[in-house]
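Asks: Starting off with a structure, shown below.
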Amino acid sequence: MKAIVVGPDRGIVDALEAEGVEVTSVEGVASGQRLEDAGVADADLLVITDAAEATAIPVAREQNEGLKIVAYTPDSMPEFVKGVLDIAVDPALLGPETVAEELVEPDS
(Lines give C-alpha, C1' and ligand atoms only; values in the text may rest on other atoms or scores of the structure.)
Protein backbone atom coordinates (compact mmCIF):
# COMPACT_ATOMS: atom_id res chain seq x y z
CA MET A 1 0.00 0.00 0.00
CA LYS A 2 1.21 3.50 -0.84
CA ALA A 3 0.20 6.64 1.02
CA ILE A 4 0.83 10.35 0.71
CA VAL A 5 0.68 12.53 3.81
CA VAL A 6 0.11 16.25 3.27
CA GLY A 7 0.85 18.54 6.22
CA PRO A 8 2.48 18.04 9.61
CA ASP A 9 3.18 14.44 10.60
CA ARG A 10 0.96 14.20 13.76
CA GLY A 11 2.46 10.70 14.25
CA ILE A 12 0.59 9.23 11.28
CA VAL A 13 3.69 8.68 9.11
CA ASP A 14 5.38 6.36 11.62
CA ALA A 15 2.08 4.63 12.36
CA LEU A 16 1.42 3.91 8.67
CA GLU A 17 5.00 2.74 8.12
CA ALA A 18 4.64 0.39 11.12
CA GLU A 19 1.69 -1.16 9.26
CA GLY A 20 3.88 -1.75 6.19
CA VAL A 21 2.67 1.25 4.19
CA GLU A 22 5.11 3.07 1.91
CA VAL A 23 4.67 6.75 2.86
CA THR A 24 5.64 9.89 0.96
CA SER A 25 5.30 13.21 2.76
CA VAL A 26 4.45 16.46 1.01
CA GLU A 27 5.45 19.55 2.97
CA GLY A 28 4.38 23.05 2.06
CA VAL A 29 1.77 23.75 -0.59
CA ALA A 30 0.43 20.51 -2.08
CA SER A 31 0.10 21.67 -5.68
CA GLY A 32 -0.92 19.35 -8.47
CA GLN A 33 2.70 19.04 -9.56
CA ARG A 34 3.92 18.23 -6.04
CA LEU A 35 1.21 15.58 -5.67
CA GLU A 36 2.15 14.15 -9.05
CA ASP A 37 5.83 14.09 -8.04
CA ALA A 38 4.84 12.29 -4.81
CA GLY A 39 3.15 9.56 -6.86
CA VAL A 40 -0.52 10.32 -6.32
CA ALA A 41 -1.50 8.50 -9.51
CA ASP A 42 -0.31 5.20 -7.98
CA ALA A 43 -1.16 5.92 -4.34
CA ASP A 44 -3.85 4.09 -2.40
CA LEU A 45 -4.30 6.64 0.35
CA LEU A 46 -4.07 10.41 0.84
CA VAL A 47 -3.94 11.71 4.40
CA ILE A 48 -4.42 15.45 4.91
CA THR A 49 -3.24 16.62 8.34
CA ASP A 50 -3.69 20.36 7.77
CA ALA A 51 -7.12 21.72 6.84
CA ALA A 52 -5.38 24.63 5.10
CA GLU A 53 -4.22 22.11 2.48
CA ALA A 54 -7.78 21.00 1.66
CA THR A 55 -7.41 22.23 -1.92
CA ALA A 56 -5.14 19.23 -2.47
CA ILE A 57 -8.14 16.92 -2.11
CA PRO A 58 -9.99 17.61 -5.39
CA VAL A 59 -6.64 17.89 -7.19
CA ALA A 60 -5.60 14.46 -5.94
CA ARG A 61 -9.01 12.94 -6.71
CA GLU A 62 -8.74 14.24 -10.28
CA GLN A 63 -5.40 12.47 -10.67
CA ASN A 64 -6.54 9.24 -8.99
CA GLU A 65 -10.28 8.48 -8.78
CA GLY A 66 -9.75 5.37 -6.65
CA LEU A 67 -7.75 7.18 -3.96
CA LYS A 68 -9.00 6.85 -0.37
CA ILE A 69 -8.87 10.34 1.16
CA VAL A 70 -8.64 10.88 4.91
CA ALA A 71 -8.52 14.10 6.91
CA TYR A 72 -6.53 13.56 10.12
CA THR A 73 -6.68 17.02 11.65
CA PRO A 74 -8.21 18.74 14.67
CA ASP A 75 -9.55 21.46 12.39
CA SER A 76 -12.81 21.40 10.46
CA MET A 77 -12.47 20.80 6.75
CA PRO A 78 -14.01 23.29 4.32
CA GLU A 79 -17.46 22.47 2.98
CA PHE A 80 -16.21 22.13 -0.61
CA VAL A 81 -14.25 18.96 0.25
CA LYS A 82 -16.57 17.25 2.71
CA GLY A 83 -18.33 15.32 -0.05
CA VAL A 84 -15.01 14.10 -1.44
CA LEU A 85 -13.52 12.88 1.85
CA ASP A 86 -13.83 9.21 2.70
CA ILE A 87 -13.33 9.86 6.41
CA ALA A 88 -12.39 12.68 8.78
CA VAL A 89 -10.76 11.92 12.13
CA ASP A 90 -9.79 14.25 14.96
CA PRO A 91 -6.36 13.24 16.37
CA ALA A 92 -7.69 14.06 19.86
CA LEU A 93 -10.23 11.25 19.50
CA LEU A 94 -8.16 8.51 17.83
CA GLY A 95 -4.41 8.08 17.97
CA PRO A 96 -2.33 7.60 14.83
CA GLU A 97 -1.71 3.90 15.49
CA THR A 98 -5.43 3.13 15.64
CA VAL A 99 -6.14 5.17 12.51
CA ALA A 100 -3.30 3.52 10.58
CA GLU A 101 -4.42 0.05 11.63
CA GLU A 102 -7.98 0.72 10.46
CA LEU A 103 -6.85 2.24 7.16
CA VAL A 104 -4.78 -0.77 6.11
CA GLU A 105 -7.33 -3.44 6.98
CA PRO A 106 -8.64 -5.09 3.79
CA ASP A 107 -12.27 -4.17 4.46
CA SER A 108 -11.64 -0.55 5.53
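The values are calculated or read from the model by the stated rules, or taken from the named source; none is laboratory data. None of the values given here were measured: they were computed from a predicted structure. Note that each Cβ is placed from the backbone with ideal geometry, even for glycine, and that neighbours are counted across all protein chains shown.
Here's the yes/no breakdown for (1) among the hydroxyl-bearing types (Ser, Thr, Tyr); (2) modelled with pLDDT under 95; (3) out of contact with any strand residue (DSSP E or B) (no Cβ under 9 Å at 6 or more places or on another chain); (4) on the phi > 0 side of the Ramachandran plot:
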site: Ile4; (1), (2), (3), (4): no, no, no, no
site: Asp9; (1), (2), (3), (4): no, yes, no, no
site: Ile12; (1), (2), (3), (4): no, no, no, no
site: Glu19; (1), (2), (3), (4): no, no, yes, no
site: Thr24; (1), (2), (3), (4): yes, no, no, no
site: Ser31; (1), (2), (3), (4): yes, yes, yes, no
site: Ala38; (1), (2), (3), (4): no, no, no, no
site: Asp44; (1), (2), (3), (4): no, no, no, no
site: Thr73; (1), (2), (3), (4): yes, no, no, no
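Asks: Can you tell me which condition Phe80 does not meet? The list is (1) assigned to a helix (DSSP H, G or I); (2) within 14 Å of Gly7 (Cα to Cα); (3) at pLDDT below 95, and all the others hold.
Replies: With (1) assigned to a helix (DSSP H, G or I); (2) within 14 Å of Gly7 (Cα to Cα); (3) at pLDDT below 95 applied to Phe80, the lone miss is (2).
Asks: I've got another one for you. Does segment 83-108 hold any residues that are closer than 17 Å to Val6 by Cα and hydrophobic (A, V, I, L, M, F, W, C), and which are they?
Replies: Those that are closer than 17 Å to Val6 by Cα and hydrophobic (A, V, I, L, M, F, W, C): Val84, Leu85, Ile87, Ala88, Val89, Val99, Ala100, Leu103.
Asks: To continue, here is another question. May I ask you to list the residues in segment 22-60 that are surrounded by fewer than 21 Cβ atoms within 10 Å (Cβ to Cβ) and assigned to a loop (DSSP other than H, G, I, E, B)?
Replies: Glu27, Gly28, Val29, Ser31, Gly39, Asp44, Asp50, Thr55
Asks: Of Leu45, Leu16, Leu67, which residue is farther than 19 Å from Gly95 by Cβ, in contact with a helix residue (DSSP H, G or I) (Cβ under 9 Å, 6 or more places away or on another chain) and of a type in the set (A, V, I, L, M, F, W, C)?
Replies: Just a single option satisfies the conditions, and that option is Leu67.
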